[in-house]
Structures are given as structure tokens and as C-alpha cells.
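Below: the structure, in C-alpha cells.
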Amino acid sequence: MARPTAPRLLIYSQDGLGLGHLRRTTLLASEFIDHWPGASALTMSDSPLGQFFPLSSGHDYLKLPSIVKAGPGDWRPVSLALSFPDVLEMRREIIRGTALAFRPDVLLVDHMPHGAMGELLPTLETLRSLPVRVVLGLRDILDAPATVRQRWRLEGAFEAVEQHYDQVLVYGSRDVFDVASEYGWPRAASAKLRYCGYVCSPPPPPTLAQVTRARYRRPLRGAGDLIVAMAGGGADGKSLFDTLMSAVPALVAQRHCMVVLVTGPFLPAAERRDLLRRARGLPVRVIKSLSDSQGHLDAADLVVAMAGYNTTAEILSLGKRALLVPRSGPSAEQTMRSRLFADRGWIRWLPPDLLSAQTMSEAMLDALTAPGQPDGPAPDLGGRRAAASQLLNGTPPPAQVDADLSLPGEPVPATASVVDAPPVGHVTGAREMA
């Protein structure tokens, strides 16, 4: 059977009970389709929310049975009343069958080189004999270096990268976090790394922020500060939201403002109801989720958020004043990101062990009166376009050869990481260059 002329992208994303991976892969699929007219993208994911983000034309979504990681090596079904081995076998066959039927030019694997409990390995073995380019996509910071080194060696992740992958795209900057050095990548695997910059959404129209502020014009009485608080999907946002609610009285005693608290879809209903109760009589509006989150971020005078990758990237892309409150665990990822970004003056942060109503109110007041953006090096925010251009051997799309891949208003690094990639052959020869 003849292969299609327009490229096909298959994405595997083990998203669990968050939104981060799903958001990032949706942005990359959209950019891939925009790069190559007529292209198709299919995302396989197991988020209980299903197709949560809007998909562009040419992009579809395949829902896998949901599983959740209860502990190291301990995975369980979320909904099905089946044993985990049965669910794992079902997922393994769905993934492999989909790959064979869809016939992708590129398989983009998000975060886990061999999938949950090795479920991707049969598919990766099958694709070795087919003209499919296999790419791993990683956010730069995964966890504490010692933890990642131990886990990747124990699980055979480095071997999977060396055996099955043509390239590894890092959604970050080497000068901020050197993945190969910090995580001890072997020489053969590290040779496949390409740093793309941070992946964020296209800039919203300026009118969106105006419309958002108009929505709160009456409670702000035209002159107050709009504070937007977010915690991603919200599954672990309770500590941030509770402390923020307790800090509001001290904050409004010194500054006229309104707080819009976006809980996220995964915050338990009982905790959301408690926040609504506590918000009575305060300049606080509690919202479950937003269709225009970028509009709210862009309209905000201050963003208070946990330090997840996507939220942080969006804050940087919009140049907003931000106070990050990373989660305390179990991963060190958010604390590491907060510290590294704060060291560069991009954000302010409050360590979780110092979190209290007093420290929160004081930190918000300091952030609201702080100067604007720092004079130092700006973050590389071109990851969305740079990663999409790399997915097909780094070849720009026919309609955009020599196009500027930076986002409007974004700094273009003097030496972009992706241009350091060695020359590679056509997609059908990708296996030979691995």
C-alpha cells in the first residue's frame, strides 16, 4: 500500500491525573499540522478528562483506559474493574494496533521512553523495521538528579533511548538546565539530545486581556489589581488555595484588588465547595476552569501559581509578574524550576516549607510593587515551533523554508540549540542514523 504524501504524527502521552503533558502535546500537534498542510496527528492518552483541549483540524484523540501510579512500580486502573495486568495488556495491544493502522511518519513519545510499565516496547520493536522516525519529547526538569539517575537506570530508560529513538527533544534551554550532565546521560544517548526552548501557546490577541479585565471592572472599580491564581489541573492545589484564601484579608487591607482563583478540574468537589464558602464577603471569585486561561493570565497584574511546566511557560511568554509556590512533593521538579527561574529574575517564588498566610500576603504585596522584567537574558520561548520543525528530521515545511521560527516578540538566541543538529537523511532513512 502506498504511503500518504502528507506526514502523519502519532503521539503517545501518559498523562495520569494532570493536564501538563496533554496541553504540551496538543500545542505540538497543532504546530505540526500548521507547518505541513494536509498533515494528520493522532494522540493516544489516558487522561480521565478525555479530549480536554480543543483540537485543530487534522488532529484527533484516542482515549486509552486510564491508569494511575500509586507508588514506584505500582500502577492501578482508574475506572475499569479489571486487574492491572489485564488493563496493561489491553493498552499494549491498542497502542501497537493503532501504530500499525495509522502508519505514522513520526512517533512522538512524551516523557516515558518505554511507556507505563514498558507498554510501548512491543510497538517500538515493531516500528524498528518500518520507515518511522521515533522521537522522545522531555520537559527539561523531571525530578531531582539523583532520583532520575536511579530510576532511569533501574527501569532501563537509557537503553530504550539508545535502542529505539532517533532523537530526543528537550523542551527547555541547556543554559538553564543541562539534562545530559545533571541526569548522567550516557554518551550514545546524549548525542541524540536537541534543546528546543520552552513550549508555550501562541500569543493571545491583545483584546482578550481587555475583555477579561472588563469582566471584573465592577468589583475592581476600575483601578484595582487583578490577581489570578492557578494550580494546573488542581489535584494537588489544596495547600496553595487554602493559604491564599487565608492571606486575602491581610492583602486587601493594604491594597485594592480582586482574586480570581481557578481551581482546575481535578480539585475534589468538597474542597471547591469549601473555597466557595470561604470566598463569601471577600473580593475572591472561584472558578473551576477557563476557556480563555491565556486571557486571564494576560489581564492579571500578578499571577500566583504552582510551578508546573506549562503554567510557568505561559507566564514567561506573557511577561507577567508571578509568584510561584511549588508543590512540596513527591517530586522536586517544581521547586527546582522555581529556584532556577528566580535566580534569573524571571519570577518570584515562595518555598513550600515557608508557606503561611503571612508569608503569602507579604510575598504578593512585594511582587505587586516589584519592578518589571529583569535586564538579564530572556528565556528562549520558541520551543513550540522549533520542536515541530525537528519532528521530520529538522526539515522546515515546504511553505516555510527559511522562515523565522521565533514567536512574535520572542528573543531569538544568538545560537539556537536546534541548529546544532547534525545533518540527517530523509524520514525513510531515519533508522540508519540512530
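Its Cα gyration tensor gives region 206-369 an equivalent ellipsoid. The semi-axes, each the square root of 5 times an eigenvalue, are 21, 18, 16 Å from largest down. In terms of modelled amide H atoms, which long-range or inter-chain residues lie less than 5 Å from the amide H of LEU193? It is VAL168, by chain and number. Here the residues PHE158, PHE84, ranked from fewest to most Cβ neighbours within 10 Å of their Cβ, fall in the order PHE84, PHE158.
The Cα-based radius of gyration of region 322-372, divided by its Kirkwood radius, gives an Rg/Rh of 0.97.
Shown in residue order for region 148-158 are the 3J(HN,Hα) couplings computed by the Karplus curve 6.51 cos²θ - 1.76 cosθ + 1.60 at θ = phi - 60°: 5, 4, 5, 5, 5, 5, 5, 8, x, 5, 5 Hz (x for Gly and Pro). List, in the order given, every pair from LYS63/LYS288; LYS192/LYS238; LYS192/LYS288; LYS238/LYS320; LYS192/LYS320 whose Cα-Cα distance in the structure shown is over 30 Å. From the list (LYS63/LYS288; LYS192/LYS238; LYS192/LYS288; LYS238/LYS320; LYS192/LYS320), the Cα-Cα distance tops 30 Å for LYS192/LYS238; LYS192/LYS288; LYS192/LYS320.
Qualifying trypsin sites (Lys or Arg not before Pro) in region 197-274, where qualification requires a DSSP coil assignment and no more than 11 other C-beta atoms within 10 Å, comprise ARG221.
Cα gyration tensor of region 252-336, axes a ≥ b ≥ c as square roots of the eigenvalues: rounded (a/c below 1.5), prolate (a/b > b/c) or oblate? Because a/c hits 1.5 or more and a/b fails to exceed b/c, region 252-336 counts as oblate. Farthest toward the positive end of the dipole of region 206-369, out of VAL286, MET230, VAL325, is the Cα of VAL286, where the dipole comes from beta carbon charges about the Cα centre. Computed about the Cα centre, the dipole magnitude for region 206-369 is approximately 580 debye when only Lys and Arg (+1) and Asp and Glu (-1) carry charge, each at its Cβ. Ordered by the number of other Cβ atoms lying within 10 Å of each residue's own Cβ, fewest first, MET306, MET90 fall into the sequence MET90, MET306.
Each reported figure results from applying straightforward, stated rules to the coordinates on display, with no laboratory input. Please read all numbers here as calculations on a predicted model, not as lab measurements. Neighbour counts are summed over all protein chains in view; Cβ atoms, including those assigned to glycine, are modelled from backbone coordinates with ideal geometry.
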